[in-house]
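Asker: Starting off with a structure, shown below.
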Amino acid sequence: DFAGALAGFDAIVPKCKGKKDRIAIQSGRAHALNRQKSYAEAITAADAVLTKDDKTHLFSLFERAYANEHLGKADLASADYGQIIALTEKNQNVKERATIYAKVADLNHSAGKTAAADSALAKAMELDPANASFVIMQGDWAVKAGDYAAADAAYSKATAMGVSDLEIYQIRSEASLKMVQEKYGTTNAKELRAKMTPEEKALVCTDANRALALGWKNPQMDMFAALTCR
């Protein structure tokens, strides 16, 4: 109940004057505001901590980074995530640190900073090698670059790591379909059926049928599978 939480925090602002109280209230407000997608207000709340009481407060840095990330301000978000990484270098919770590295990697990749993105993602994978979401991120980057072989290899690795839910088969089928559409210059299912090699058809259809069987609601893909895969 984030609206209720925010109301509760706001109600005690006049009563709590101490530094620890102010930090707890404003970082809590930032969290509640972020979860309500009020990102600009969340930044204001986080800044109330970071500029007045504690410039290295981790929770407030995270909430400000999260808000800037969702406002599309990648450089500002990356700077705060980077500061969190520096401040938690000796943190024994390596999975949390790995997640922050992955966020920095994705922000850098979105900004076209591929070298920095690759470096940050490699660090995330080093810290938490069992996290298949990092491997999926590699696959997503490969799709954006048009390297479908690398994407398929990454998605296959994630599947081998135990990811077998709807999301991974949806991702795989969308990537393989995009590959053949670009290769043959058409999105028409009948044309693709006539042009695809047996190997390409098997690649596209196996994952599409699995995703649909797991409950993927996509009329376009359902029609494609009906025309092409059966």
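The values are calculated or read from the model by the stated rules, or taken from the named source; none is laboratory data. Please read these numbers as outputs of a predicted model, since none were measured by experiment. Cβ atoms come from the backbone with ideal geometry, glycine included; neighbour counts cover every protein chain shown. Side chains included, ligands, DNA and RNA excluded: accessible areas come from the protein's heavy atoms. Shrake-Rupley method; radii C 1.70, N 1.55, O 1.52, S 1.80 Å.
Asker: Working only within the stretch 186-215, note down all residues that are free of Cβ contacts under 8 Å to residues at least 40 places away in the same chain, closer than 20 Å to ALA158 by Cα and of a type outside the set (Gly, Ala, Ser).
Answerer: Answer for the stretch 186-215, where residues must be free of Cβ contacts under 8 Å to residues at least 40 places away in the same chain, closer than 20 Å to ALA158 by Cα and of a type outside the set (Gly, Ala, Ser): VAL204, CYS205, THR206, ASP207, ASN209, LEU212.
Asker: Can you tell me which of (1) among the charged types (D, E, K, R); (2) in a helix (DSSP H, G or I); (3) open to solvent by 50 Å² or more (accessible area, probe 1.4 Å) is the one ASP207 doesn't meet?
Answerer: Just one mismatch for ASP207, condition (3).
Asker: Inspect the stretch 118-132 for any residue being at positive phi, open to solvent by 60 Å² or more (accessible area, probe 1.4 Å) and either in a helix (DSSP H, G or I) or of a type outside the set (A, V, I, L, M, F, W, C) (or both) and give the result as yes or no.
Answerer: The answer is no; no qualifying residue exists.
Asker: Among the residues of the stretch 154-166, is there at least one that is among the aromatic types (Phe, Trp, Tyr) and either in a loop (DSSP other than H, G, I, E, B) or touching a Gly at 6+ places or on another chain (Cβ under 8 Å) (or both)?
Answerer: yes
Asker: Can you pull out the residues in the stretch 138-155 that are of a type outside the set (A, V, I, L, M, F, W, C) and surrounded by 14 or more Cβ atoms within 10 Å (Cβ to Cβ)?
Answerer: GLN138, GLY139, ASP140, ASP147, TYR148, ASP152, TYR155
Asker: Only one of these is in contact (Cβ under 8 Å) with a residue 24 or more places away in the chain, closer than 23 Å to HIS109 by Cα and either open to solvent by 80 Å² or more (accessible area, probe 1.4 Å) or touching a helix residue (DSSP H, G or I) at 6+ places or on another chain (Cβ under 9 Å) (or both): ALA32, ALA77, ALA3, ALA40. Name it.
Answerer: Among ALA32, ALA77, ALA3, ALA40, only ALA77 is in contact (Cβ under 8 Å) with a residue 24 or more places away in the chain, closer than 23 Å to HIS109 by Cα and either open to solvent by 80 Å² or more (accessible area, probe 1.4 Å) or touching a helix residue (DSSP H, G or I) at 6+ places or on another chain (Cβ under 9 Å) (or both).
Asker: If you go through the stretch 216-230 one residue at a time, how many are outside any loop (DSSP other than H, G, I, E, B), in contact (Cβ under 8 Å) with a residue 40 or more places away in the chain and more than 15 Å from MET196 (Cβ to Cβ)?
Answerer: Qualifying residue count for the region: 1.
Asker: Still on this model: Of the conditions (1) more than 30 Å from LYS90 (Cβ to Cβ); (2) modelled with pLDDT of 90 or more; (3) of a type in the set (Ser, Thr, Tyr), SER164 satisfies every one except a single condition; which number is it?
Answerer: Evaluating SER164 over (1) more than 30 Å from LYS90 (Cβ to Cβ); (2) modelled with pLDDT of 90 or more; (3) of a type in the set (Ser, Thr, Tyr) leaves (2) as the failure.
Asker: Let me ask something else about it. Yes or no: LEU87 out of contact with any strand residue (DSSP E or B) (no Cβ under 8 Å at 6 or more places or on another chain), aliphatic (A, V, I, L, M) and either surrounded by 16 or more Cβ atoms within 10 Å (Cβ to Cβ) or at pLDDT 90 or above (or both)?
Answerer: no
Asker: Within the stretch 90-111, can you find the residues that are modelled with pLDDT under 85 and either over 16 Å from the mean Cα position of the chain (by Cα) or not in a helix (DSSP H, G or I) (or both)?
Answerer: LYS90, ASN91, GLN92, ASN93, ALA111 - these are the residues of the stretch 90-111 that are modelled with pLDDT under 85 and either over 16 Å from the mean Cα position of the chain (by Cα) or not in a helix (DSSP H, G or I) (or both).
Asker: Somewhere in the stretch 177-196, is a residue surrounded by 13 or more Cβ atoms within 10 Å (Cβ to Cβ), of a type in the set (A, V, I, L, M, F, W, C) and assigned to a loop (DSSP other than H, G, I, E, B)?
Answerer: Yes, there is a match, as at least one residue in the stretch 177-196 is surrounded by 13 or more Cβ atoms within 10 Å (Cβ to Cβ), of a type in the set (A, V, I, L, M, F, W, C) and assigned to a loop (DSSP other than H, G, I, E, B).
Asker: Could you list, in sequence order, all residues of the stretch 43-71 that are open to solvent by less than 40 Å² (accessible area, probe 1.4 Å), part of a helix (DSSP H, G or I) and of a type in the set (Asp, Glu)?
Answerer: Answer for the stretch 43-71, where residues must be open to solvent by less than 40 Å² (accessible area, probe 1.4 Å), part of a helix (DSSP H, G or I) and of a type in the set (Asp, Glu): just GLU63.
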